[in-house]
Amino acid sequence: LRQEAIKLYEARSTVVKRPDLPRPFGAIQTDAVLSGEMDEAEGLIRKEMLGLLQQDAFAHPVVLDPSDPTEGKKSKKKGKKRKKNDVAAEGNIVPPPDEPLDYIPEENLDEAKELLEKEAQVTIDEKAKELRASSEAYAAMKDCDVAEILASRNAEAAVQGASDQTYKHKWEPDATKEDRLTSLKLEYEAIREAANATKKKADKLDSKLAIKNGGYIKRAAALQEAALQTFAETQNARIEESVYSLLMSHERRGIGSRIEKLQKEIEVLEEGEAAAQKRYGELMHTKNRLLVKLRQK
């Protein structure tokens with residue numbers, strides 16, 4: 001089943017597989033594609049494009065999101081909202097194409113791809129020969145450098161051709177200055193409307209997220225403040241630690257001299273005390289002798 005699903009997905013057109021590309025909504029009108037003057041080659045291309053558009057619209061219709069602000073404003077009343085959804089559902093009904101696409105086997109598609117690659121390689125070789133023949137500098141270049149030059153020129157030509165066209169109900173290659181100004185105004189208005197719609201949607205999402213995550217935001221702010229306070233206290237503690245460590249080192253260096261000084265002072269005190277005790281003994285002996293003499297008289 002998975003392999004079949006992969007094959008069905010690969011069989012889709014590029015526009016259907018890429019949701020970022022714009023697609024028309026609803027049924028594809030023939031007049032919208034085949035209107036205007038065109039030559040035979042362009043008419044064949046337009047007919048093939050019409051068939052592809054109708055097939056994609058029928059097999060993979062575009063479903064509008066009622067909550068998308070670009071598709072219209074929401075109504076506050078449930079009745080209007082329900083009516084709008086019903087209208088969108090009716091507009092999404094697409095009739096089958098007038099002429100169904102022919103089934104092409106994968107082998108034929110691979111052969112066609114090989115033929116296109118060969119034709120592209122022949123064209124590249126011819127352009128490379130013309131480029132090498134135009135200048136000696138190009139003739140001395142490698143094949144990869146010549147291929148890069150041809151690719152850059154092709155890209156520049158495509159960009160220039162696209163920039164020379166203006167849109168006025170259809171793309172026109174030869175347009176006057178007024179037509180270009182009108183086209184630029186239309187493009188500006190479309191971009192501004194899309195930007196405003198995107199801004200409104202972003203504001204709504206912002207408000208919803210603020211309501212949903214308000215508690216988390218407050219809690220995160222409180223934790224951040226507590227973390228900053230703890231960090232400040234840690235920094236102050238480190239500063240105090242460095243200061244007291246420096247003081248301790250100074251005290252350890254001076255503690256030896258202080259001990260020696262105290263020992264000398266203790267020795268002086270001990271010597272003074274010994275002398276005082278000796279003097280006290282002598283005076284007590286003298287006192288006792290004098291008392292004996294007084295008693296004998």
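Legend: calculated FRET efficiency, ALA190 to ALA155, from the Cβ-Cβ distance at R0 = 41 Å, rounded to 0.05, equals 0.95. Annotation: for a label point projected 7 angstrom from Cα along Cα→Cβ of GLU10, residues of segment 107-140 with backbone N closer than 15 Å are 107-114. Got a number for the accessible area of HIS250? Probe 1.4 Å, square angstrom, nearest 10. Accessible area, nearest 10 Å²: 100 Å².
At a Förster radius of 51 Å, what calculated FRET efficiency corresponds to the Cβ-Cβ distance of LEU246 and GLU273, to the nearest 0.05? According to the calculation, E is roughly 0.80. For the cross-link pairs LYS17/LYS142; LYS7/LYS47; LYS17/LYS199; LYS47/LYS118; LYS17/LYS129; LYS17/LYS208, the ones whose C-alpha atoms lie over 29 Å apart are LYS17/LYS142; LYS17/LYS129; LYS17/LYS208. Between ASN236 and THR286, the distance separating the two model label sites (each 7 Å from Cα on the Cα→Cβ line) works out to 6.7 nm.
The values are calculated or read from the model by the stated rules, or taken from the named source; none is laboratory data. It should be emphasised that the depicted structure is a prediction, and the values quoted were computed from it without experimental measurement. Reconstructed Cβ throughout: ideal geometry from the backbone, glycine too, with neighbour counts over all protein chains shown. Note: areas computed on protein heavy atoms with side chains; ligands, DNA, RNA excluded. Shrake-Rupley method; radii C 1.70, N 1.55, O 1.52, S 1.80 Å.
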